[in-house]
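The values are calculated or read from the model by the stated rules, or taken from the named source; none is laboratory data. Model, not experiment: these values are computed from the prediction. Positions of Cβ are backbone-derived with ideal geometry, glycine not excepted, and every protein chain shown enters the neighbour counts. When the accessible area is computed, the model is the full protein with side chains, heavy atoms only, and any ligands, DNA or RNA have been set aside. Shrake-Rupley method; radii C 1.70, N 1.55, O 1.52, S 1.80 Å.
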Amino acid sequence: MKLLATILTFAFLSLALYSCGGKGLIPETQTYNGMGSRWTAVLNPSGSFSMNELDAGVEVNGTWTETSSKWMELTVSDATGSGAPSAGSKAHALLIPGVVLLVKPFSGKQIISMVLAGTCPTKDLTANWVVTNIPDSKNVTDADMDIYGVFSYTADTNSAALPHKYTINGTDLGEGTIGSFSCTDGVGTVADARMYFSEVGGALVHTNISNASDSSFIVALPAKKINTKTVLAGTYNGLVYQQSTGSDELFPVELTLSTAGTGNAYVYNNNDPNSTVNTSAGAGFSITTVDSPTDGFLVGTVTDESNNTGTIRCTANTNINGSGKTFLFCIGSNPGENSKMYNLMLISK
């Protein structure tokens with residue numbers, strides 16, 4: 001868990017450095033929040049960083065670079081404390097400046113998503129969410145398994161809720177109540193859940209913290225009406241996480257999406273974003289419907305090399321926060337084993 005927290009922080013630092021326009025323009029000190037831990041980070045204009053993990057006393061120093069393929073590469077210089085990574089360790093991350101971050105970690109096989117830390121919300125907000133982790137006891141196709149929906153916060157009552165919770169086939173399971181919570185420095189806590197708020201209107205929700213096997217991770221970002229598939233056309237970098245009965249998989253991909261909403265997600269050779277993509281290894285991706293069941297959601301399919309097909313549901317947004325970036329965050333069925341979860345997280349280059 002602490003290693004995962006370390007990974008998150010490295011990625012968060014790369015997000016901050018890049019979002020502020022590059023080296024030399026970042027503030028001297030910024031604080032970042034993420035699921036599983038709390039860190040304080042000191043960022044230097046030279047591109048170096050130092051961090052202190054407030055719970056476990058882990059201290060990390062490192063550097064970051066941006067690769068030619070628009071991934072962020074994070075390298076550890078030195079680190080101390082229980083679970084700290086070794087010097088020279090590397091991780092890769094994708095980002096939308098000032099908005100959201102996706103991490104391919106040093107180890108482990110699950111996409112780690114983060115939003116840039118913000119302050120506690122003072123205005124009502126509504127966002128679309130997708131799940132990036134489901135309880136061990138559940139299948140993604142279960143009739144009572146909500147995998148995407150709408151998140152809302154009401155300022156007057158300082159409470160959060162999930163007004164809509166949808167299954168993979170689009171059935172609305174109704175409202176889920178998170179309730180009133182306390183919030184400090186952008187981190188809200190209630191019962192056995194924790195929320196991390198972003199200034200651009202996003203949130204992370206970690207439920208059932210005390211029982212890891214029953215936890216869910218929810219990533220919520222501002223909703224926006226799409227209207228047409230055409231606006232999503234472009235080339236994206238992304239991460240695929242797919243569960244299976246055998247061994248779960250996590251790998252980086254590149255996808256070029258046509259104006260018709262179709263494309264192929266090709267895998268990077270050797271799972272290395274510094275490499276080229278293998279155009280003989282990948283999956284077909286197709287958007288069939290936009291703004292369904294509500295604005296900003298997409299319905300589609302993903303087809304593997306054996307022509308197996310899985311249903312996917314995505315949330316999307318274009319030019320989010322004026323960044324010029326588009327994201328598509330998808331959850332659905334593993335094409336080769338439909339009961340298992342499939343995540344596809346894409347950020348335009």
Next on the checklist: Residue under question is N308, and the condition is that it be more than 14 Å from Y342 (Cβ to Cβ) and either open to solvent by 40 Å² or more (accessible area, probe 1.4 Å) or of a type outside the set (A, V, I, L, M) (or both); does it hold?
Outcome noted: no
Checklist entry - Which strands (runs of 3 or more DSSP E) sit wholly inside segment 120-186 and have at least 1 residues that are at pLDDT 95 or above? => result 125-133, 148-154, 159-166
Next on the checklist: Restricting to segment 60-80, count the residues that are in contact (Cβ under 8 Å) with a residue 40 or more places away in the chain, farther than 20 Å from P252 by Cβ and either touching a Cys at 6+ places or on another chain (Cβ under 6 Å) or not aliphatic (A, V, I, L, M) (or both).
Outcome noted: 1
Checklist entry - Say we look at segment 123-160 and pick out the residues that are charged (D, E, K, R) and touching a strand residue (DSSP E or B) at 6+ places or on another chain (Cβ under 7 Å); which of these is surrounded by the most Cβ atoms within 10 Å (Cβ to Cβ)? => result D146
Checklist outcome for this item: In segment 61-80, anything within 16 Å of N271 (Cβ to Cβ) and not in a strand (DSSP E or B) is listed as T67, S69, W71
Item to check | Among residues of segment 243-264, those that are within 13 Å of E337 (Cα to Cα) and touching a Gly at 6+ places or on another chain (Cβ under 8 Å), counted | outcome: 1
Next on the checklist: Suppose we filter segment 283-298 for residues that are surrounded by fewer than 20 Cβ atoms within 10 Å (Cβ to Cβ) and not in a loop (DSSP other than H, G, I, E, B); how many remain?
Outcome noted: 4
Item to check | For G201: the one exception among (1) at negative phi; (2) of a type outside the set (F, W, Y); (3) open to solvent by less than 30 Å² (accessible area, probe 1.4 Å) | outcome: (1)
Next on the checklist: Restricting to segment 125-140, count the residues that are of a type outside the set (S, T, Y), more than 13 Å from the chain's Cα centre (by Cα) and closer than 18 Å to Y196 by Cβ.
Outcome noted: 2
